[in-house]
Amino acid sequence: MTPLSAPAAAAPVLSLPRIGFLGVGWIGRHRMEAMIGAGTVEVAAIADALPGNSAEAARLAPRAARLDSFDALLDQDLDGLVIATPSALHAQQSIRALERGIPVFCQKPLGRTLMEVQEVIGAARRADRLLGVDLSYRGTAGMRAIRDRVVAGELGDVHAVDLVFHNAYGPDKPWFYDPLLSGGGCMMDLGVHLIDLALWTLGFPEVEGISADLFSKGRRLSDRAAQVEDHGLATIRLAGGRLIRIACSWHLHAGQDVVIAAEFHGDRAGAAFRNVGGSFYDFTADLFRGTTRETLTTSGDAWGGYMAAAWADRLARSAGFDPDCERLACVAAVLDGIYAAAPDG
């Protein structure tokens, strides 16, 4: 009788990074669910100022500790922290975590100003800890496909980029409309995504100049200390004469829930990323050559948690500083430039 083979040695069980979640409203819970679904983290602890949010998050991670403060969260044995709190808190909360040696994945914006963003990046560099920001539209299949074509040179010289993000509703939380807490209105909330997509796709080119106009309730924004913009327009001039044009708004009469598009115009081809039927979630991407169209991606990809899952995967391999996060300062510098360039009144 043929002897039985010895059982194969069991693969070693690797412990997953223990992640804390600060702020578990809809966005925080969605990112938590994405990380859990990717199987790359253990949700170790949850903290939120609203008990109802913590209770909802606990349904996703019933074994996680439910805590009542950021300080209590920092005292946990964590390998990483996800921050999804109001914008005014992002920079200081990120810095405090990094100074404790805890890698951070933060909702956008990382800071309300370039100075705040640079301070966070500096803290990550000094601590040699991973820092990521949820610039989530990079995770869409459509934008990744367009960027691949631009990098490969299929569009040739991209001389103009047009991007829009018009939201027919606007935020439902009061802090978004408080300049001190938000740092700005629709440009800070929506425009940051457009700026990032343009710079990221083009390889973060040198910015030579910025012009902008900001409006509140149909009138030019006159007092940034008291108002935030609900409509913003900006032109970003790049080295070599290339242009990026951005338009974004809250509460626009758009005829649908939202209008999102990013169009790249090159001397060999063009490409467009657009939402479908007013959806916040469904997008297509196409490549154009003259009157012909090539479909790059269709709607339906589950992109919302892509950046969170990618950060968690990177963390599982290395918690050390990622120099790519330095690029976050480029986006913040353009935002600062837009606010500085917009005339008053």
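Since every read-out is calculated from the coordinates, none of them should be taken as a lab result. Just so it is clear, the structure is predicted and the values come from calculations on it, not from any experiment. Glycine also receives a Cβ, built like all others from the backbone with ideal geometry; neighbour counts cover every protein chain displayed.
Brief remarks follow.
- Close amide H partners of Ala160, meaning residues 5 or more places away or on another chain with modelled amide H under 5 Å apart, are Leu243, His265.
- Sites Ala55 and Glu206, calculated FRET efficiency, Cβ-Cβ separation with R0 41 Å, nearest 0.05: 0.25
- With contributions of -39500 (n - 2.57) from each DSSP H run of at least four residues, the per-residue ellipticity at 222 nm computed over the chain stands at -9500 deg cm²/dmol.
- Relative contact order of region 137-301, defined on C-alpha pairs under 8 angstrom at six or more residues apart (%): 31
- Taking label positions 7 Å along the Cα-Cβ direction at both Ala152 and Asp324, the computed distance is 1.9 nm, reported to one decimal.
- Simple spin-label estimate for Leu243 and Val276 in nanometres, 7 Å along Cα-Cβ: 3.2
- Highest mean packing comes first when the peptides 291-298, 118-125 are listed by Cβ atoms within 10 Å, giving 118-125, 291-298.
- The residues packed around Ile338, meaning those with a beta-carbon under 11 Å from its beta-carbon, carry a net charge of -3 if Lys and Arg are +1 and Asp and Glu are -1.
- The packing ranking of peptides 203-212, 38-47, highest mean first, is 38-47, 203-212, where packing means the average number of other beta carbon atoms within 10 angstrom of each residue.
- Zone of Asp178's modelled label, taken as backbone nitrogen in region 66-87 under 16 Å from a point 7 Å along Cα→Cβ: 85-87
- Cβ-to-Cβ counts within 10 Å put Phe264, Phe176 in ascending order as Phe176, Phe264, the fewest first.
- Applying 0.36 nm per residue to the separation of Ala160 and Ala38 and subtracting their alpha-carbon distance, the gain on full extension is 40.3 nm.
- Note: relative contact order over the chain, using C-alpha pairs below 8 Å and six or more positions apart, is 20 percent.
- Seen from Phe105, the other residues with C-beta closer than 10 Å to its C-beta sum to a net charge of +1, counting Lys and Arg as +1 and Asp and Glu as -1.
- Rg/Rg_globular for the chain, with Rg_globular taken as 2.2 N^0.38 Å and Rg from C-alpha atoms: 1.06
- Residue of Asp128, Asp230, Asp172 that the Gaussian network model of the chain assigns the largest fluctuation, springs spanning Cα pairs under 10 Å: Asp172
- The residues packed around Arg18, meaning those with a beta-carbon under 10 Å from its beta-carbon, carry a net charge of -3 if Lys and Arg are +1 and Asp and Glu are -1.
- Dividing the convex hull volume of the alpha-carbon atoms in region 18-134 by its residue count gives 84 Å³ per residue.
- Using every pair of separate Cα atoms, the Kirkwood estimate puts the hydrodynamic radius of region 164-306 at 16.5 angstrom.
- For region 81-230, a Kirkwood radius taken over Cα pairs fed into Stokes-Einstein (25 °C, viscosity 0.890 mPa s) yields D = 143 µm²/s.
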